[in-house]
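Read through the structure below, which is laid out as structure tokens, and then see the notes.
None of the figures in this text is laboratory data; all of them are computed from the coordinates on show. Note that the structure is predicted; figures quoted are calculated from it, not measured. Cβ: placed from backbone, ideal geometry, glycine included. Neighbour counts: every protein chain shown.
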Amino acid sequence: MVKLDAKIPQGPLAEKWTNYKAHQNLVNPSNKRRLDIIVVGTGLAGASAAASFGEMGFNVKVFGIHDSPRRAHSIAAQGGINAAKNYPNDGDSVYRLFYDTIKGGDYRAREANVYRLAEVSNNIIDQCVAQGVPFAREYGGLLDNRSFGGAQVSRTFYARGQTGQQLLLGAYSALSKEIKKGSVKMFTRREMLELVVIEGRARGIIVRDLITGKIERHSAHAVVLATGGYGNVFFLSTNAMASNGSAAWKVYKKGAFFGNPSFTQIHPTCIPVHGDYQSKLTLMSESLRNDGRIWVPKHKEDAEKIRKGELKPTQIPEDRRDYYLERRYPAFGNLVPRDVASRAAKERCDAGYGIGSTGLAVYLDFEDAIKRLGKHVIEARYGNLFQMYEKIVDENPYETPMMIYPAVHYTMGGIWVDYELQTTIPGLFAAGEANFSDHGANRLGASALMQGLSDGYFVLPYTIQNYLADQIRVPRFETNLPEFEEAEKAAKERIEKLLAINGTETVDTFHRRLGLIMWDLVGMSRKKEDLEKAITMIQELRKEFWKNVKVPGKNEMVNPELEKAIRVADYLELGELMARDALVREESCGGHFREEYQTEDGEALRDDKNFTYVSAWEYTGEDKEPKLNKEPLVFEFIEVKQRNYK
Amino acid sequence: MDLTLKIWRQASAGEKGKLVDYQVQNISSEASFLEMLDVLNERLVREGEDPVAFDHDCREGICGACSLYINGRPHGPDKGITTCQLHMRRFKDGETIVIEPWRAKPFPVIKDLMVDRSAFDEIIQAGGYVSINTGGVPDANAIPIPKRDADTAMDAAACIGCGACVAACKNASAMLFVSAKVSQFAVLPQGKIEARERVQNMVAKMDELGFGNCTNTYACEAECPKEISVSHIARMNREYLSAKLVSQIE
């Protein structure tokens, strides 16, 4: 096994980041001009990193798959962003945000990283306000906060139900400023196909122009991946249609380790699945759990009548309702973390109490909140979410409870990185959801935005300098080097191979089938036999894909089917790695629930003795079993306990 | 439900396009409009035909990528939503639906229903930001802002940059888009420092890119999926005039 060095700085927890910054290497202004950085992705992490690098004086090239950097999927985050400001004076602190995040992640994240995240959270809010991000405010003119799952304080800053949009537009504005200045060059509608490694270091990328199909080579002194998560391996998820895991998968195959691939977040409050033509699922923000109460009928006969359409939820009296989260978790109630809320919903539905036509839904009810606060307050807080719900379901949530069910939302797993956010390939960094991140086995609500912006604005601008400091004498790389030739050739061959199959099934058909395998066998609840079965089924599906997929058209054109085929080919490999990781982790922790390992009352049962580690998978070759490396997690500063939200 | 679709097909920017008829059958009224197009495309692929290209991504009305002109209206018949939020229950069985791309000179067609909206990015680059760098900013609560102003800024900032305002306007004017950004910063103390330069630079860029003038038809407001108010255009006009005046005096 390779010994993984997380490069955690020495010293007390609260001083590690300060110590790091005090002793790291820097690059002087005239040398910065001679160094190039590639950033792939323009979401919160990518846009904030690229803008910050540009401001510092580096030459930056940014790549995005959309027509504009503003369309990255960070834009869809609704509820908010956490910070330890303690403006409401309710007992918050950097330590408490750190503690809640470690605990929420079920003790499977690094202490030092999470502490740094909590530490810079306050800088993020300052930065965004200075950019003109219109956060919600109180009548006195100061910032408003609300609460989110897994916390007993109100530390979430928000901009109506569009926090992700406003934060991304803030980062996009900073990026636009740097593009105008000339320090950053933006390449839109480009998809990364390969990483170029020269003498063991990341030195460039191969991209496809999604309009012309032209394959391009780009070189740099360092490469940052900020390409988001891989939740779309499930086909149905709350991710955008184009969100994909291919860049991460390509660097894994070039030698970057993949951390905790099985750690997937299933979000409890999404609009339920309704038909086989469905293309994606829609999230209803966790912030709704501040005022909404989750319930199912207490009696099966009521649930049955509801499913048949014979009874309406509003006709069920209070004493025939089961507010199961309030019943099971009185201390946190409807605000338990996401993994706990999702499993509890599944438990009720599996037991026969589910509602909706499929029986795979529970109610999220605002009746009490509307009575208590008035409709106008609920409208001001969640108006756009209620409208979104009504458009999709065709029911008015002010009058009848919302129907919700868990759906794939976020991947805690991702490219393994050390404290500097550097991968196991020197010169390749990963930020935001693309790295295996600071969220352990479960991410708390409103922490993804925090991590994306922390990585991009406040971590990478320091740590990348520490790497580039000894690169100042390295001249710019020509793109006619053999390593570029080879990488481009590999990318082209793959595309030609896909186009030449000319089978009978569409890309989406394969993607849907993979999604079903993943959801049924590698989803909310997992067990040994299922995972073994999943691995075999995915392998077979992958073979079938390469024999029978139909990709129309050619490379030299706008070809969305080809784009999808390239991504699905990678999902068919990544899905298998997820199942493998879930199989070897013989414990339940956070979003990873193994049926064999649970407490008597059905809570996740960790095995700290054997599994307090990050799994870091190493690619060993086509159709060969990957190798598992372990980074032990050492808890020096907090006591590891069973999570208790009761 | 069964439908007849008349869809604009155009192989590339340089080639001529035309409306082509397609029949789709057994579409669920619960499906979204884009899911209906997915069904058509899946069939076209199976039949060896070129599927219809259109921009889309989040499918929840926030990324601003989708951009279809449906029966003569940007984002279709419903008010306050994007194409991806439009559902088939809004149409009748047997109906004919005409689907076209945004039509505006500054948004050239790339293929079929996809258009190039990079002009919007260029306008933002001309001044749609506060020129501060990362770090060294004051504490967030050191800049108190009246709730009313913060709310107005948020109303303006809700713009998703989809371009429906331009597509709806007979002059292909981008005034609603530009004014939303100008307005967001004009009402916030953070934006006041560069307000004069911002409005002048963004308007100049808008004109340079070939967007038309505003003749107050308010089609933009009527079709905006985020229901952004034309009052922001009025604010931008005031900002612009006073900026010009002051720069002349100076």
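Look at the stretch B:153-161: the mean tally of other chain Cβ atoms within 10 Å of its residues' Cβ atoms is 6.
Treating the beta-carbon of each Lys and Arg as +1 and of each Asp and Glu as -1, no other charges, what is the dipole magnitude of chain B about its Cα centre, to the nearest 20 debye?
720 debye
Taking only C-alpha pairs under 8 Å that are 6+ residues apart, what is the relative contact order of region A:105-257 in percent?
On the way: 154 pairs, mean separation 17.9, N = 153.
Averaging sequence separation for qualifying contacts and normalising by length gives 12 percent for region A:105-257.
Over chain B, dividing the summed -39,500 (n - 2.57) contributions of all DSSP H runs of at least 4 residues by the number of residues returns a 222 nm mean residue ellipticity of -11000 deg cm²/dmol. Straight-line cross-link reach from residue A:181 at under 19 Å between alpha-carbon atoms covers these lysines, not counting any fewer than eight positions away in the same chain: A:32, A:61, B:205. Cα to Cα, under 19 Å, and not fewer than 8 places away if on the same chain: which lysines meet these conditions relative to residue A:624? Reachable lysines: A:250, A:253, A:254, A:533, A:543.
The residues neighbouring residue A:625, those whose beta-carbon lies less than 11 Å from its own, together hold a net charge of 0 under the Lys/Arg +1, Asp/Glu -1 convention. What you get for region B:3-111, charging only the Cβ of Lys and Arg (+1) and of Asp and Glu (-1), is a dipole of about 480 debye around the Cα centre. Remark: region A:482-606 carries a charge dipole of roughly 440 debye about the Cα centre, counting +1 on each Lys and Arg Cβ and -1 on each Asp and Glu Cβ.
Two decimals is fine: what is log10 I(q)/I(0) at q = 0.05, 0.07, 0.08, 0.11 Å⁻¹ for the protein assembly as shown, from a Debye sum with one equal scatterer on every Cα and no solvent? Normalising to I(0) and taking log10 leaves -0.25, -0.51, -0.69, -1.45. Taking the longest Cα principal axis of chain A as reference, the axis of helix A:111-131 is set at about 90 degrees.
For chain A, adding -39500 (n - 2.57) for each run of n ≥ 4 DSSP H residues and dividing by the number of residues yields -11500 deg cm²/dmol at 222 nm.
A DSSP coil position with no more than 12 other Cβ atoms inside 10 Å describes the following GluC sites (Glu not before Pro) in region A:450-491: A:478. Beta bridges from DSSP with both residues in chain A: antiparallel share about 70 percent, rounded to the nearest 5.
For peptide A:169-179, how many partner chain Cβ atoms fall within 10 Å of a residue's Cβ, on average?
6
Our note on the geometry: Cα centres of region B:60-83 and region A:222-262, 30 Å apart. I need the shape label for region A:473-566. Rule: rounded when a/c is under 1.5, else prolate if a/b > b/c, else oblate, with a, b, c from the alpha carbon gyration tensor. Oblate, since a/c reaches 1.5 and b/c is not below a/b.
Among the listed pairs B:18/B:226; A:564/B:226; B:6/B:111, which are separated by more than 19 Å between their Cα atoms? Going by Cα-Cα distance, B:18/B:226; A:564/B:226 fall outside the 19 Å limit. Mean separation of Cα pairs under 8 Å and 6 or more residues apart, divided by the residue count, gives chain A a relative contact order of 21 percent. The angle between the Cα long axis of helix A:507-521 and the longest principal axis of the Cα atoms of chain A comes to about 60 degrees, rounded to the nearest 10. Structural descriptor for region A:268-408: relative contact order 34 percent, calculated from alpha carbon pairs under 8 angstrom and at least 6 residues apart.
Can you tell which of A:577, A:259, A:141 lies farthest toward the positive end of the dipole of chain A, using +1 and -1 charges on the Cβ of basic and acidic side chains (Lys, Arg; Asp, Glu)? Value: A:141.
For region A:268-408, what number of Lys pairs, 8 or more residues apart or on separate chains, have alpha-carbon atoms under 18 Å from each other?
7
Report D for region A:379-454 in µm² per second (integer): Stokes-Einstein, Kirkwood Rh on Cα pairs, 37 °C, 0.692 mPa s. Translational D for this selection: 216 µm²/s.
Only one residue of B:39, B:23, B:13 has its Cα farthest out toward the positive end of the dipole of region B:13-53, where Lys and Arg carry +1 and Asp and Glu -1 on Cβ, and that residue is B:13. The peptide list A:367-375, A:403-411, put in order of mean Cβ contacts within 10 Å with the highest first, becomes A:403-411, A:367-375.
Loop-located GluC sites (Glu not before Pro) in region A:94-159 (DSSP state other than H, G, I, E, B) with a sparse environment of at most 15 neighbouring Cβ atoms within 10 Å: A:138. Could you work out how far helix B:195-208 tilts from the main Cα principal axis of chain B, as a 0 to 90 degree angle to the nearest 10? So the helix axis and the longest Cα principal axis differ by about 40 degrees.
Counting only residues at least eight positions apart within a chain, or on another chain, the aspartates and glutamates with an alpha carbon under 16 Å from that of residue A:85 are A:100, A:119, A:126, A:138, A:144, B:139. Among rounded, prolate and oblate, which fits chain B when a ≥ b ≥ c are the square roots of the eigenvalues of its C-alpha gyration tensor, a/c under 1.5 means rounded, and a/b larger than b/c means prolate? Because a/c hits 1.5 or more and a/b exceeds b/c, chain B counts as prolate. Sorted ascending by nearby beta carbons within 10 Å, beginning with the fewest, B:198, A:321 become A:321, B:198.
Highest mean packing comes first when the peptides A:286-292, A:545-551 are listed by Cβ atoms within 10 Å, giving A:286-292, A:545-551. Averaging Cα coordinates gives a centre for region A:121-192 and one for region B:12-46; these two points are 37 Å apart. Could you please state, rounded to a whole Å, how far the C-alpha centre of region A:415-481 is from the C-alpha centre of region A:521-540? Result: 32 Å between the Cα centres.
Distance between the pseudo-spin-label points of residue A:471 and residue A:539 (7 Å out from Cα toward the beta carbon): 3.9 nm. Neighbour counts of C-beta atoms inside 10 Å place A:23, A:299 in the sequence A:23, A:299, starting with the fewest. Assign one of three labels to region B:118-249, namely rounded, prolate or oblate, based on the Cα gyration tensor with a ≥ b ≥ c the square roots of its eigenvalues; rounded applies when a/c is under 1.5, prolate when it is not and a/b is larger than b/c, and oblate otherwise. Prolate, because a/c is 1.5 or more and a/b exceeds b/c.
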